[in-house]
Amino acid sequence: MAAVTDATFSNSPPGGMFSSALGNRLLLGVGIAAVIAVMSAFWLWSQQPDYRVLFSNFSDKDGGAIVGALEQMNVPYKFSEGGSAILVPAAQVHQARLRLAAEGLPKGGNVGFEIMEQQKFGVSQFLEQVNFQRALEGELERSVQSIAAVQNARIHLAIPKSSVFVRDQQKPTASVLLNLQPGRTLDAQQVSAVVHLLASSVPELTAANVTVVDQNGNLLSDSGRQDKTNKLDPNQIKYVEALQQSIARRVESIISPIVGAENVRAEASADIDFASVEQAAEIYKPNQTPDSTVIRSQQSSESATVPGNNLNGGVPGALSNQPPAEASAPLVQPAPAEAAATVAPATATAASNTPPLMNTQKNATTNYEVDKTVRYSQQAMGGVKRLTVAVVVNFKREAGKDGKLQDRPLSDAEKTQIADLARQAMGYNEARGDTLTVVNSSFAGNLPVVEPEVPLWKQPQNIAMGMEVLKLLAGVLVMLMLYLRLLKPMLRKLVTPALPAPATPALADGSENPVLLDASGPATPAITQRGYVQNLETAKSIAKDNPKMVANVVTNWVSNND
């Protein structure tokens with residue numbers, strides 16, 4: 001007998017087999033497409049770009065405009081948690097910012113002078129003034145927000161109406177509310193810059209009328225209302241530090257060529273007088289000599305009185321009222337004896353005719369200038385009261401007798417030379433009380449700083465790289481599993497042609513036989529469908545060994561078609 005063989009036959013018509021095969025192929029095609037779509041989506045997810053912040057802390061109006069512009073530019077975007085920032089791929093951040101800046105985005109929550117472009121016809125003067133004030137406040141807010149430490153700014157201007165009366169005029173005032181960046185502060189100089197920026201932008205606004213407050217309610221600008229006499233000025237501290245560093249650097253630079261750049265260290269301490277002194281003095285000096293005196297004013301008076309009532313007058317008449325005759329001098333001077341003889345009778349004659357003497361009083365007042373020196377001196381701030389400099393010099397390294405390098409201390413002459421150079425470099429002034437100390441000592445070696453070694457799995461760059469590698473491996477692994485478990489079997493079924501459904505052989509009387517005939521023994525149950533070639537060979541073998549059974553099967557097909 002022949003060996004046991006399996007036969008698979010179907011009692012369905014050929015058209016049904018074709019439609020069933022087509023449906024199976026269609027389902028396989030849909031399954032393959034679904035698997036490919038899943039693999040593509042997972043691959044795209046594994047290759048998702050890194051998103052960076054494009055803009056943050058924007059108003060809702062600006063956010064809508066930015067999103068609309070990004071959609072027009074076909075730039076993918078997403079929002080951060082809370083919607084406070086817009087994220088775009090890292091490779092497109094700068095390009096998107098430049099293109100949005102060309103469109104004037106973001107505009108900011110404040111309104112600038114562009115509001116004046118939307119004026120309607122017939123607007124009132126009051127509305128024009130309000131719009132102008134809003135525009136001015138908005139422009140100032142934009143200017144203040146340009147400071148790196150300022151995140152947001154609100155500015156309120158109180159501009160009074162102008163009056164023709166001088167006593168009724170009021171100065172404008174301004175208040176500024178600053179929202180600073182997290183962890184950032186403004187120093188006094190930056191606050192003063194904000195105050196003067198506003199004072200220079202609004203007419204007749206003074207710096208004393210500008211108030212600056214931060215988001216925590218701290219008053220940043222005192223506007224000269226507080227006493228600063230007991231406060232340290234940061235500029236003074238910076239000046240002292242800069243002066244001390246300059247002195248130390250000069251000392252090191254002058255000594256370095258002698259001992260080496262790494263063999264000298266210098267530190268300076270400066271006592272600076274920041275007091276501003278103004279002095280006015282008037283000094284009076286006594287007159288030294290009469291020749292050096294200067295007459296300021298002189299006054300003299302003279303009076304004469306006649307004693308008694310003995311008043312002798314001249315002869316009444318015209319002769320006594322005539323003026324005296326002109327004096328005449330002789331052309332030839334007489335001899336002294338003759339002159340005396342001539343003068344004596346004349347004097348006697350005059351004396352006999354002269355009225356009695358009168359009391360004469362003379363007063364003279366002379367005022368002299370007094371020496372006076374007026375001195376006005378003003379001492380500038382920042383004067384040096386005292387300098388203290390300390391210099392440490394390393395031992396000098398030289399080759400010994402054995403050729404090895406050895407350290408030796410400096411000699412007294414070398415120390416004196418270094419000290420003289422340091423005095424000249426620091427500007428030593430003995431009258432001022434300056435001090436200089438030079439110490440020669442061996443420098444301790446720089447011990448290596450042992451930093452704890454960070455494990456590889458804790459290093460940030462390795463963590464980021466590991467995450468990227470794991471992401472890529474996960475994508476490859478999932479795609480491989482989908483291919484081996486789903487895609488490959490589906491493709492194999494799609495390539496292999498479908499066989500007709502198996503049918504149990506029919507007996508001669510037309511009844512179905514659920515068993516296969518075995519020449520060697522009893523019948524066995526039918527086994528499942530196998531490959532097309534194997535089934536074909538099995539059918540040929542059965543037709544050859546049992547043609548009667550094959551004839552019955554064909555007869556059954558024909559009868560079913562009828």
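The values are calculated or read from the model by the stated rules, or taken from the named source; none is laboratory data. Since the model is a prediction, treat every value here as computed from it, not as a measurement. Note: ideal-geometry Cβ built from the backbone for every residue, glycine included; neighbour counts use all protein chains shown. In case anyone asks, the SASA skips ligands and DNA or RNA and just uses the protein heavy atoms, side chains included. Shrake-Rupley method; radii C 1.70, N 1.55, O 1.52, S 1.80 Å.
Residues in region 101-123 that are part of a helix (DSSP H, G or I) and either open to solvent by 60 Å² or more (accessible area, probe 1.4 Å) or at pLDDT 75 or above (or both): 7 in all. When L447, L421, L480, L473 are checked against the criterion of being out of contact with any Pro (no Cβ under 9 Å at 6 or more places or on another chain), within 22 Å of E262 (Cα to Cα) and at pLDDT 75 or above, L421 stands alone in meeting it. From the list A304, A248, exactly one residue is surrounded by 10 or more Cβ atoms within 10 Å (Cβ to Cβ) and either at pLDDT below 90 or not in a helix (DSSP H, G or I) (or both). Which is it? Criteria check complete, one pass: A304. The residues of region 371-398 that are small (G, A, S) and outside any strand (DSSP E or B), listed by number, are A380, G382.
When region 124-152 is filtered for residues that are open to solvent by less than 50 Å² (accessible area, probe 1.4 Å) and under 16 Å from S201 (Cα atoms), the ones remaining, listed by number, are Q133, A135, L136, E137, G138, L140, E141, V144. Within region 173-221, the residues that satisfy the criterion of being touching a residue at least 40 places away in the same chain (Cβ under 8 Å) and in a helix (DSSP H, G or I) are A188, Q189, Q190, V194, L197, L198, S201.
For the residues N394, N440, N429, the requirement of being surrounded by 12 or more Cβ atoms within 10 Å (Cβ to Cβ), under 18 Å from S269 (Cα atoms), modelled with pLDDT of 90 or more and not acidic (D, E) singles out N429.
In this structure, does N462 turn out to be open to solvent by 50 Å² or more (accessible area, probe 1.4 Å), at pLDDT 75 or above, more than 30 Å from V38 (Cβ to Cβ) and not in a loop (DSSP other than H, G, I, E, B)? Judged against the criteria, N462 is not a match. Among the residues of region 67-89, those that are exposed (fewer than 12 other Cβ atoms within 10 Å of the Cβ) and small (G, A, S) comprise G68, G82, G83.
Among the numbered criteria (1) closer than 30 Å to V195 by Cβ; (2) modelled with pLDDT under 85; (3) open to solvent by less than 70 Å² (accessible area, probe 1.4 Å), which single criterion is violated by V240? So V240 meets the others, but not (2). May I ask you to verify whether L98 is open to solvent by 40 Å² or more (accessible area, probe 1.4 Å) and under 27 Å from the mean Cα position of the chain (by Cα)? For L98, the condition - open to solvent by 40 Å² or more (accessible area, probe 1.4 Å) and under 27 Å from the mean Cα position of the chain (by Cα) - is met. Being in a strand (DSSP E or B), surrounded by 10 or more Cβ atoms within 10 Å (Cβ to Cβ) and modelled with pLDDT under 85 is a condition met by at least one residue of region 265-279. The residues of region 174-189 that are hydroxyl-bearing (S, T, Y) and more than 15 Å from D222 (Cβ to Cβ) amount to a single one, T185.
Cβ-Cβ contacts under 6 Å between residues 6 or more apart (or on different chains), taken from a first residue in region 118-133 that is more than 19 Å from P160 (Cβ to Cβ) to a second residue that is of a type in the set (F, W, Y), are absent.
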